[in-house]
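Trainee: So that we are looking at the same thing, I have put the structure below in structure tokens.
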Amino acid sequence: MSWLVFRYQPTSLFSLKPARATSTVGKSLLVPTPYAIKMAFLDAGLSKGLVRDPDAFVKALSNTAVHIGVPDEACVTGTIQKIRQEPKKRSPEQPYISNIAMREIVFLRGTLLIAFDSGFCPVEVKAIAPMINYFGKRGSFFQFEDFDDRLHLDNTFTQVIAQLEQIPSRCHLATLDDFGPEANFDALNSFSETPIKRGRHRTWIESTVPLGVHNVGPGFVHYRR
């Protein structure tokens, strides 16, 4: 198996809540998920006119394995914010109510690597890669650097737990989402009324992220490779 590996440099703080998190409480993942990465390529490809057939592009991505090479370090800071949100029972007199929300932001030091399985990867991804400037939550900016081809991925990349004989000692476990086997553009399109179905259009994969806890203090957790 060969891999097409793209290199990105983080240029701002990163944040991406797990897909199962609530709107008011959400710990951040340390790296973007395969789903977030593929959606970023789909979005950039469509906006730049590089993807002519979105259904074929989504199908190809659904068959393409993606692994994330983690940066050298990640430092997570937790914050409590006051927000305005819609109440459960909406009314014209009170369209929004006050609430508090927990948010986490992540400082990444080092290069983020994104590896696509070359055997199934759509040909458009090489042209799209330089057009992408963020992964995860809007404002989590990254700068494209370069790409290369590799025959193997080392232990600095995320791995699927079910495919491992032994879990590495220097890592933490995370549930990362990905395109499902029946993913299609209509289901993934935010402007479509077609619902996304679990296990068909979107899947969740238990994975190892090779960043282990190095230090902990009031309001922060420091991870290293």
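Trainee: Could you look through region 168-199, keep only residues that are among the hydroxyl-bearing types (Ser, Thr, Tyr) and within 18 Å of the chain's Cα centre (by Cα), and pick out the one that is farthest from Gly212 (Cα to Cα)?
Mentor: Once the filter is applied, the top-ranked residue is Ser190.
Trainee: Does Phe144 count as within 27 Å of Trp204 (Cβ to Cβ), modelled with pLDDT of 95 or more and part of a strand (DSSP E or B)?
Mentor: When the stated conditions are applied, Phe144 does not pass them.
Trainee: For the structure I just gave you, tell me whether Gly45 is surrounded by 14 or more Cβ atoms within 10 Å (Cβ to Cβ) and under 15 Å from Ala127 (Cα atoms).
Mentor: Here the answer is yes, as Gly45 does meet what is asked.
Trainee: Tell me which residues, restricted to region 49-89, are of a type outside the set (Gly, Ala, Ser) and under 17 Å from Tyr8 (Cβ atoms).
Mentor: Of everything in region 49-89, those that are of a type outside the set (Gly, Ala, Ser) and under 17 Å from Tyr8 (Cβ atoms) turn out to be Val66, His67, Ile68, Val70, Pro71, Asp72, Glu73.
Trainee: Filter region 88-132 down to the residues that are touching a helix residue (DSSP H, G or I) at 6+ places or on another chain (Cβ under 7 Å) and in a strand (DSSP E or B) and list them by number.
Mentor: Ile114, Phe116
Trainee: Is it true that some residue in region 150-157 is modelled with pLDDT of 95 or more and closer than 23 Å to Leu42 by Cα?
Mentor: Checked region 150-157: at least one residue is modelled with pLDDT of 95 or more and closer than 23 Å to Leu42 by Cα.
Trainee: Do you know which residues across region 37-63 are out of contact with any helix residue (DSSP H, G or I) (no Cβ under 8 Å at 6 or more places or on another chain) and among the β-branched types (Val, Ile, Thr)?
Mentor: The one that is out of contact with any helix residue (DSSP H, G or I) (no Cβ under 8 Å at 6 or more places or on another chain) and among the β-branched types (Val, Ile, Thr): Ile37.
Trainee: Taking region 146-159 on its own, how many of its residues are more than 19 Å from Cys121 (Cα to Cα) and surrounded by 13 or more Cβ atoms within 10 Å (Cβ to Cβ)?
Mentor: Of the residues in that region, 1 qualify.
Trainee: I've got another one for you. Leu151 - would you say it is within 19 Å of Glu104 (Cα to Cα) and touching a residue at least 60 places away in the same chain (Cβ under 8 Å)?
Mentor: Spelling it out, it is not the case that Leu151 is within 19 Å of Glu104 (Cα to Cα) and touching a residue at least 60 places away in the same chain (Cβ under 8 Å).
Trainee: Only one residue in Arg84, Arg20 is exposed (fewer than 14 other Cβ atoms within 10 Å of the Cβ), touching a residue at least 24 places away in the same chain (Cβ under 8 Å) and either of a type in the set (Lys, Arg) or assigned to a helix (DSSP H, G or I) (or both). Which one?
Mentor: From the options Arg84, Arg20, the qualifying one is Arg20.
Trainee: Which one of Val106, Val125 is within 23 Å of Ala60 (Cβ to Cβ) and β-branched (Val, Ile, Thr)?
Mentor: Val125
The values are calculated or read from the model by the stated rules, or taken from the named source; none is laboratory data. Bear in mind the structure is a predicted one, so any value in this text is a computation, not a measurement. Because the Cβ atoms are built from the backbone with ideal geometry, glycine has one as well, and the counts that use them run over all protein chains shown.
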